[in-house]
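Nothing in this text is a laboratory measurement; each read-out follows from the coordinates by a stated rule. Note that this is a predicted model, so its numbers are computed, not measured. Positions of Cβ are backbone-derived with ideal geometry, glycine not excepted, and every protein chain shown enters the neighbour counts.
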Amino acid sequence: MNLKYINANEWIFFSNYNSPKGCQFESHNQVSILIYWASTNTQIRMKAKISKTSEEFSDQHFQGRTKEKNALAISSNQSEIIDSFDEVSKNFYKTLESMTPETNRPNFWGGYSFTPYYFEFWQGHENRLNKRHVFDKQGEEWIEQILQP
């Protein structure tokens, strides 16, 4: 995931809707996201419900991207097995050459939005005496908890 926006409580990224993760989001609208920083031995775990952004929002983002990024979004069957990288490169350059300023966002590519309802801040320590601090949204209230290592 390549996070592009945080609007209020909404976190937004873009992807191919036909990719394995896109298909998984269709069948199950909850996600767990992990972010790890090795330099500080710290991890943040989030839980959230996920949904597609509006077509208008996806269109607006697509139009603001470079022609090259859009050519890759159009030409790539994200996460599919390929015979060679040359195949990807040829598809990319063929698509790039055929694009015009009027090229629209493909319907198989767009935004996903999630609003976390659970944060766990994990900090690793010697002897696995790790600190785990949780914020869990229950209704409109955030409940703060400490977990065992």
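Hey, can you tell me all the residues within region 15-24 that are under 20 Å from ILE74 (Cα atoms) and out of contact with any helix residue (DSSP H, G or I) (no Cβ under 7 Å at 6 or more places or on another chain)? Scanning region 15-24 gives TYR17, ASN18, SER19, PRO20, LYS21, GLY22, CYS23.
Okay, residues lined up against (1) under 24 Å from the mean Cα position of the chain (by Cα); (2) in a strand (DSSP E or B):
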{"site": "LYS90", "(1), (2)": "no, no"}
{"site": "LYS94", "(1), (2)": "no, no"}
{"site": "GLU97", "(1), (2)": "no, no"}
{"site": "ASN104", "(1), (2)": "yes, no"}
{"site": "SER113", "(1), (2)": "yes, yes"}
{"site": "PRO116", "(1), (2)": "yes, yes"}
{"site": "GLU120", "(1), (2)": "yes, yes"}
{"site": "ASN127", "(1), (2)": "no, no"}
{"site": "LYS137", "(1), (2)": "yes, yes"}
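Evaluated against (1) over 30 Å from GLU126 (Cα atoms); (2) part of a loop (DSSP other than H, G, I, E, B); (3) of a type outside the set (Lys, Arg), SER39 falls short on exactly one condition, (1). Given the criteria surrounded by fewer than 16 Cβ atoms within 10 Å (Cβ to Cβ), without any contact (Cβ under 8 Å) to a residue 12 or more places away in the chain and more than 16 Å from PHE114 (Cα to Cα), does GLU26 qualify? For GLU26, the condition - surrounded by fewer than 16 Cβ atoms within 10 Å (Cβ to Cβ), without any contact (Cβ under 8 Å) to a residue 12 or more places away in the chain and more than 16 Å from PHE114 (Cα to Cα) - is not met.
Selection of region 94-108 for residues being over 23 Å from PHE57 (Cβ atoms) and either in contact (Cβ under 8 Å) with a residue 60 or more places away in the chain or in contact with an Asp or Glu (Cβ under 7 Å, 6 or more places away or on another chain) (or both) yields only LEU96.
Taken as a whole, the condition of being touching a strand residue (DSSP E or B) at 6+ places or on another chain (Cβ under 6 Å), assigned to a loop (DSSP other than H, G, I, E, B) and hydrophobic (A, V, I, L, M, F, W, C) does not apply to LEU34.
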